[in-house]
Amino acid sequence: MMQLGVFGNPVEHSRSPEIHQAFAAQVNLEIDYQKILVPLGEFNKIADGFFAQGGLGFNITVPFKSEAFDYCSHHSKEAELAGAVNTVIKNDNGFIEGHNTDGLGLVKDITKNLQWILKNKRILILGAGGAVQGIIGSLLLERPTHIHIYNRTLSKAKALVDSFSSEKVLAIEENQLESDYDVIISGTSAGLDGNAGDSLPAYIVGASTRAYDLIYSTRPTPFLRWAQNSGASECVDGLGMLVEQAAFAFEIWTNKQVVTSDVIKNLRDC
Ligand code: ATR
């Protein structure tokens with residue numbers, strides 16, 4: 001049986017096992033997909049042990065995505081751009097390959113599931129941490145007019161932008177925020193109890209602005225509540241992205257494509 005898993009700390013909350021088991025059932029595969037709690041500082045040791053016991057590959061969640069990047073000898077272009085890995089596979093030659101499907105998953109959710117257009121649109125991203133770094137490359141491929149990065153700490157936004165060398169990605173200060181962005185994506189770790197929206201001017205949201213939070217949750221995040229109150233036309237959390245990034249990972253391991261719509265719906269319902 002294919003041995004898979006998700007490495008994280010914490011990892012108990014992860015919904016990846018149920019998502020991958022749903023995919024496996026869809027294509028009549030039996031998989032063993034475990035949550036693996038990795039003590040800080042022990043990523044390499046646990047990964048070595050996983051492969052020594054016949055594991056095929058695993059996902060990586062907080063806080064190990066850059067350690068996973070360093071662990072891999074080969075990287076996909078998305079992983080290279082993000083400097084982070086969320087999916088690992090030991091390939092037929094025994095090499096450890098690192099992929100990053102987060103940006104692919106986000107863009108698939110936005111453009112296919114939600115049918116939002118990104119081409120020639122003005123995008124604002126809030127936050128400049130690892131989660132944001134993982135999505136910019138894939139967003140750029142959709143050819144937006146520009147991507148503004150607005151972060152509490154400007155220097156971090158500037159450093160992130162410098163790593164992309166694209167004139168379409170700009171770190172901005174509050175007085176450079178535009179009105180009526182087409183799409184605003186929150187990638188801060190402010191979380192469910194955070195204050196992500198408190199310091200944002202309402203004019204950045206117009207009647208056709210769409211808001212997306214990379215976090216998924218059973219109740220609206222503070223950012224989505226704020227966007228809704230400011231008049232955004234659609235407000236969506238990251239559940240679709242979670243399932244779509246998993247589908248890309250599943251394909252890397254199994255070479256099989258899956259249908260995601262029912263999996264997203266079932267997760268939403270429970
Ligand atoms: P992740 O891997 O989840 O992206 P991270 O790399 O620690 O985590 O990045 C967290 C991001 O959320 C950062 O951009 C952080 O802002 P700073 O760079 O100023 O630290 C942002 N963030 C965290 N809490 C926030 C809050 N309460 N309000 C606004 N931004 C916040």
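The values are calculated or read from the model by the stated rules, or taken from the named source; none is laboratory data. On a predicted model such as this, the values are computed, not experimentally measured, just so you know. As a convention, Cβ positions derive from the backbone with ideal geometry for all residues, glycine included, and neighbour counts pool all protein chains shown. Side chains included, ligands, DNA and RNA excluded: accessible areas come from the protein's heavy atoms. Shrake-Rupley method; radii C 1.70, N 1.55, O 1.52, S 1.80 Å.
Look at (1) surrounded by fewer than 17 Cβ atoms within 10 Å (Cβ to Cβ); (2) in contact (Cβ under 8 Å) with a residue 40 or more places away in the chain and you find that Lys121 fails only one, number (1).
Answer yes if at least one residue in region 132-154 is farther than 21 Å from Gly238 by Cβ, out of contact with any Leu (no Cβ under 9 Å at 6 or more places or on another chain) and within 14 Å of the ligand (Cβ to nearest atom), and no otherwise. Among the residues of region 132-154, at least one is farther than 21 Å from Gly238 by Cβ, out of contact with any Leu (no Cβ under 9 Å at 6 or more places or on another chain) and within 14 Å of the ligand (Cβ to nearest atom), which makes the answer yes.
If the condition is being exposed (fewer than 15 other Cβ atoms within 10 Å of the Cβ) and either within 11 Å of the ligand (Cβ to nearest atom) or not assigned by TED's automatic domain parsing to the domain that holds Ile123 (or both), then region 159-172 contributes only Ala159. For region 133-158, a tally of residues being outside any loop (DSSP other than H, G, I, E, B) and touching a residue at least 12 places away in the same chain (Cβ under 8 Å) returns 18.
Is region 219-226 home to any residue that is within 11 Å of the ligand (Cβ to nearest atom) and open to solvent by 10 Å² or more (accessible area, probe 1.4 Å)? Steps first, please.
Step one: filter region 219-226 for residues within 11 Å of the ligand (Cβ to nearest atom), giving 222-223.
Remaining after also requiring open to solvent by 10 Å² or more (accessible area, probe 1.4 Å): 222.
Looking for residues that are within 11 Å of the ligand (Cβ to nearest atom) and open to solvent by 10 Å² or more (accessible area, probe 1.4 Å), one finds at least one in region 219-226, hence yes.
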